[in-house]
Amino acid sequence: MDEQVAYYANKLKYEIDSWDLHEALSLTGQDEKIVVIDVRSEQAYARGHIPSAINFPHRMISEESVRELDRSVLYVVYCDGIGCNASTKGALALAKLGFRVRELQGGLDWWRRDGYEIRQSA
């Protein structure tokens with residue numbers, strides 16, 4: 001039983017769902033600062049993204065490119081959703097560089113399915 005508890009507790013340290021993310025972003029004076037990163041291409045980001053998200057394609061994540069990122073915040077990364085592993089690649093790259101990161105379950109697909117706003121870039 002302890003092994004199961006440890007597995008699920010550990011899983012929740014690295015994943016977040018759209019409801020929990022939306023609630024966390026909605027809280028004023030939240031305990032933990034969250035930065036949402038869309039790790040897809042610039043073109044995919046322009047077609048639609050989570051309103052507060054910054055675009056940082058996973059292929060661009062490197063020690064040099066993250067110099068200006070705040071290491072004290074929690075980064076939540078996402079991509080399209082099921083069938084897309086860009087968020088896993090982005091999360092791994094950020095984790096290797098020492099950042100705290102969580103992956104948005106279901107990505108943009110589940111965010112949209114849950115009825116949350118999607119913004120397009122001009």
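Throughout, read-outs are computed from the coordinates displayed, never taken from laboratory work. As the structure is a computational prediction, the values presented were derived from the model and not from experiment. In this analysis, Cβ positions are derived from the backbone assuming ideal geometry, glycine residues included, and neighbour counts consider all displayed protein chains.
I need the full set of residues from region 1-23 which are among the hydrophobic types (A, V, I, L, M, F, W, C), within 19 Å of F99 (Cα to Cα) and without any contact (Cβ under 8 Å) to a residue 40 or more places away in the chain, in order please.
Of region 1-23, the ones among the hydrophobic types (A, V, I, L, M, F, W, C) are 1, 5-6, 9, 12, 16, 19, 21.
Subset that is within 19 Å of F99 (Cα to Cα): 12, 16, 21.
Residue satisfying the conditions is L12 alone.
Considering each of S72, S65 in turn, give the residue that is of a type in the set (S, T, Y) and free of Cβ contacts under 8 Å to residues at least 24 places away in the same chain.
On the way: S72 fails: free of Cβ contacts under 8 Å to residues at least 24 places away in the same chain.
Answer to the selection: S65.
Is it fair to say Y45 is among the aromatic types (F, W, Y), surrounded by 11 or more Cβ atoms within 10 Å (Cβ to Cβ) and either free of Cβ contacts under 8 Å to residues at least 12 places away in the same chain or in a helix (DSSP H, G or I) (or both)? Walk me through it before giving the result.
Numbers: among the aromatic types (F, W, Y): yes; surrounded by 11 or more Cβ atoms within 10 Å (Cβ to Cβ): yes; either free of Cβ contacts under 8 Å to residues at least 12 places away in the same chain or in a helix (DSSP H, G or I) (or both): yes.
So Y45 passes the test.
Scan region 48-91 residue by residue and report those that are within 21 Å of L12 (Cβ to Cβ), among the hydrophobic types (A, V, I, L, M, F, W, C) and buried (at least 20 other Cβ atoms within 10 Å of the Cβ).
Once the filter is applied, which keeps residues that are within 21 Å of L12 (Cβ to Cβ), among the hydrophobic types (A, V, I, L, M, F, W, C) and buried (at least 20 other Cβ atoms within 10 Å of the Cβ), region 48-91 yields I50, V76, V77, C79, A91.
Inspect all residues belonging to region 98-108 and state whether any of them is part of a helix (DSSP H, G or I), under 15 Å from the mean Cα position of the chain (by Cα) and on the phi > 0 side of the Ramachandran plot. Steps first, please.
Going through region 98-108, the residues part of a helix (DSSP H, G or I) turn out to be 107-108.
Okay, now just the ones that are also under 15 Å from the mean Cα position of the chain (by Cα), so 107-108.
Those left that are additionally on the phi > 0 side of the Ramachandran plot: 107.
Within region 98-108 (the criterion being part of a helix (DSSP H, G or I), under 15 Å from the mean Cα position of the chain (by Cα) and on the phi > 0 side of the Ramachandran plot), the answer is yes, since at least one residue qualifies.
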